[in-house]
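Each remark here refers to the structure printed beneath this line.
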Amino acid sequence: MDPQRFYGKKRPAFSIPESSEDEKASDDETYRNPGPEIFIPESSDDEIASDDDRGNVGEFEEIYLDDDALDNDCDEYIPYETEEEDISSKPSTSKQRTGNKRKKVKCVWSDESMAYDESHIAFLGCQDLPNEIMKLEAPMDFFKFLFPSSAINLIVRESNLYADQITESNHNEVTEEDIRKFLGIIIYMSVVHLPTTRHYWKEGTYIEKVASAMTCNKFEEVKRFLHFFNKNDELESGDPNFDRLQKIRPFLNILRERLLQVPKEEYLAIDEQMIPTKARTSGMRRYNAKKPHKWGYLNYVLSGASGFSYDFEVDTGKHPDPPENCPDLGIPGNIVQRLLNTVPQNLNYKIFVDNWYTSLPLMANLHKKGLLPLGTIQLNRAPNINIEKKTIMKEERGYCAEKSTIYEDVKLTVTTWVDNKPVSLCSSYVGKEPMAMVKRFLKKKRAKIDIPCPKAITIYNKYMGGVDLLDSMLGFYRIKIRSKKWYHRLFFHFIDLVCVNSWLLWRRRTKKKVKTCTYPCWILN
């Protein structure tokens, strides 16, 4: 195949963020907003927290623009300025926002430090698991809790209905036992890899556990008719109720309802993950050259520090609406509000985000709800702040500066710290004090030295990596079965997600610390 035909002749219409090479939190030098309807956020690939530039792809699967289209500013997503102005003349990320007016607020910054008082931010919620989960013992019990029988019944009903709709000849109906065996086989295949699925039944590469559970023809038949939605109820793209995920939405709703039953941890992080695929038919595929898996579906995840996924939202290229009675804070802010809509308020949950989401209106809005936010921020999203990145970069390693302001009656602080390069964090409850000491290698002295580190950096690095931890576990035993149907790729990904969550829930229930990730073997046993 011609590479230009596959990848396109021109550069993508979004700036590709460069992952930080630092071991600790760091901030990229530039941020470009590619214009309306175009974005693709990227999560950090670092082991510990880092900041990436964000771009965005809208409702189109593949969009390529000239270089001149990339030279836009990022002020479009900032819902605050210094005076009142009609934004209808500016590019908008959504038709819903065109013509609206937003009041610009002037921020006055001071050198006052944020007092860190643990008694005022003590967690007031309950993390105890309900009796329904505490009664679970066997590994399969945890899997069945997150993958209930209602999901099995849905697959059986819709798969048989789909088979009747597309075939005129007689066919064997799919049963609940078939679906359970099918799930067990694909999980086993994620542990024991062979070139193709038929190799598990071939002489020479014959696998007894797979072949004895189901014949090869039956396995391919179940895979062919695997369905989650009535084909006759499918809506066209012009319909106002059209949903790009309609073919798998019923299954996602069942899975999401189960995840919401698990009590959330005190420390929660929101980040993106890429579901690898090269399917070309769904219109939701994203491309990011800086990711290990460059092509895939974008999934926003609310995860705990343990890696457990409490909620998710697959990006369909549509501008996300804010929850009821919540302000419109743009695409990043609305995503955060939607994922945190099920988190209990006024209980001092700690929320961690990266610089694609962080803005002063979002930080203030979360604090008013009793949620304590902390996230890296781009300095151009803190208007009038007297911190210049070019000046900060000339400072020695370990330099720290803190600025405070009152925004919508909420005190916010921006802490800037110089490590390999400057990084800025915004919070409503923690600043640079109390400072800690961390070791860094100094090339000039060829030795490790102690440098001061702000409290905000220490907390952020400790609890932000929940989604990255989840991605690393998913990558160990990913289901790699190929399918021509795009919703099958999503289904296999969420089977992996259920396996990881079941293992993490078992660890939380039994309070066992297991260093190695062996969740597929644990379930298959």
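In the range 145-274, what percent of the accessible surface is made up of carbon and sulfur (1.4 Å probe, ligands and nucleic acids excluded)? Working shown, then result.
Details: 2840 of 6420 Å².
About 44 percent, which is the carbon plus sulfur part of the accessible surface.
Could you pull out the GluC sites (Glu not before Pro) across the range 366-402 that fall in loop regions by DSSP (anything but H, G, I, E, B) with no more than 14 other Cβ atoms inside 10 Å? If you can, show how the numbers build up before the last one.
Details: sites: E388, E395, E396, E402; in loops: E388, E395, E396.
Those that pass, being in a loop and sparsely packed, are E388, E395, E396.
Lys and Arg at +1, Asp and Glu at -1: add these up for the other residues within a Cβ distance under 11 Å of T197 and post the number. Don't skip to the answer; put the middle values down first.
On the way: positive: R198, K202, K223, K480, R482; negative: E220.
Local charge sum for T197: +4.
In whole percent, how big is the carbon plus sulfur part of the accessible area of the range 417-521, probe 1.4 Å, protein atoms only?
54
Separation between the D243 and I481 pseudo-spin-labels, each 7 Å from Cα along Cα→Cβ, expressed in nm?
Between D243 and I481, the label points sit 2.4 nm apart.
Give me the 1.4 Å probe accessible area per residue for the range 425-499, excluding ligands and nucleic acids, in Å².
Value returned for the range 425-499: 46 Å² of accessible area per residue.
Express the relative contact order of the range 369-415 as a whole percentage, based on alpha carbon pairs under 8 Å and six or more residues apart in sequence.
21
With contacts defined as alpha carbon pairs under 8 Å and 6 or more residues apart, what's the relative contact order of the range 149-289 in percent? Could you put the intermediate results ahead of the total?
Values: 86 pairs, mean separation 35.2, N = 141.
Reported relative contact order: 25 percent.
Under 14 Å from the Cβ of Q246, count the other residues' Cβ atoms, weight Lys and Arg +1, Asp and Glu -1, and hand me the total.
Numbers: positive: K231, R244, K247, R249, K318, K485; negative: E158, D233, E234, E236, D239, D243.
Computed value for this residue: 0.
So what is the relative contact order of the range 347-395, in percent, for Cα pairs below 8 Å that sit 6 or more residues apart?
On the way: 47 pairs, mean separation 19.3, N = 49.
Here the relative contact order equals 39 percent.
Could you give each residue of the range 481-492 its phi-based ³J(HN,Hα) in whole Hz, using Karplus coefficients 6.51, -1.76, 1.60 with θ = phi - 60°, and x for Gly or Pro?
With the stated coefficients, the range 481-492 comes to 5, 8, 8, 7, 9, 5, 6, 5, 4, 5, 4, 5 Hz.
Sorted by average packing, counted as other Cβ atoms within 10 angstrom per residue and highest first, what order do 461-469, 208-216, 242-250 take?
Values: 461-469: 21.7, 208-216: 14.1, 242-250: 17.7.
Those peptides, ordered most packed to least, come out 461-469, 242-250, 208-216.
Checking the cross-link filter: which lysines have an alpha carbon closer than 16 Å to that of K209, excluding same-chain neighbours under 8 positions apart?
Of all the lysines, those that pass the test against K209 - Cα under 16 Å, at least 8 places apart if same chain - are K181, K218.
Loop only by DSSP, 11 or fewer other Cβ within 10 Å of the Cβ. Give me the trypsin sites (Lys or Arg not before Pro) in the range 369-435 that pass, ordered by residue number. Intermediate results must be reported in sequence, preceding the final value.
Working: sites: K369, R381, K389, K390, K394, R397, K403, K411, K432; in loops: K369, K394, R397, K432.
Qualifying residues, ordered by number: K394.
I'd like to check one number: the per residue accessible area of the range 235-338, probe 1.4 Å, reported in Å² as a whole number.
Details: 3700 Å² over 104 residues.
Each residue of the range 235-338 exposes 36 Å² on average to a 1.4 Å probe.
Which order do the peptides 416-425, 355-364 come out in when sorted by mean C-beta neighbours inside 10 angstrom, highest first? Before the final figure, lay out each step's value.
Working: 416-425: 22.7, 355-364: 25.7.
Result, highest mean first: 355-364, 416-425.
Check each of the trypsin sites (Lys or Arg not before Pro) in the range 254-290 and keep only those in coil by DSSP with at most 16 other C-beta atoms within 10 angstrom; list them in order.
Values: sites: R256, R258, K264, K278, R280, R285, R286, K290; in loops: K264, K278, R280, R285, K290.
Counting only loop positions with at most 16 other Cβ atoms within 10 Å, the trypsin sites (Lys or Arg not before Pro) in the range 254-290 are K278, R280, K290.
The values are calculated or read from the model by the stated rules, or taken from the named source; none is laboratory data. The structure displayed is predicted, hence computed values, not measured ones. Reconstructed Cβ throughout: ideal geometry from the backbone, glycine too, with neighbour counts over all protein chains shown. Accessible surface is based on the protein model in full, side chains and every heavy atom, while ligands, DNA and RNA are left aside. Shrake-Rupley method; radii C 1.70, N 1.55, O 1.52, S 1.80 Å.
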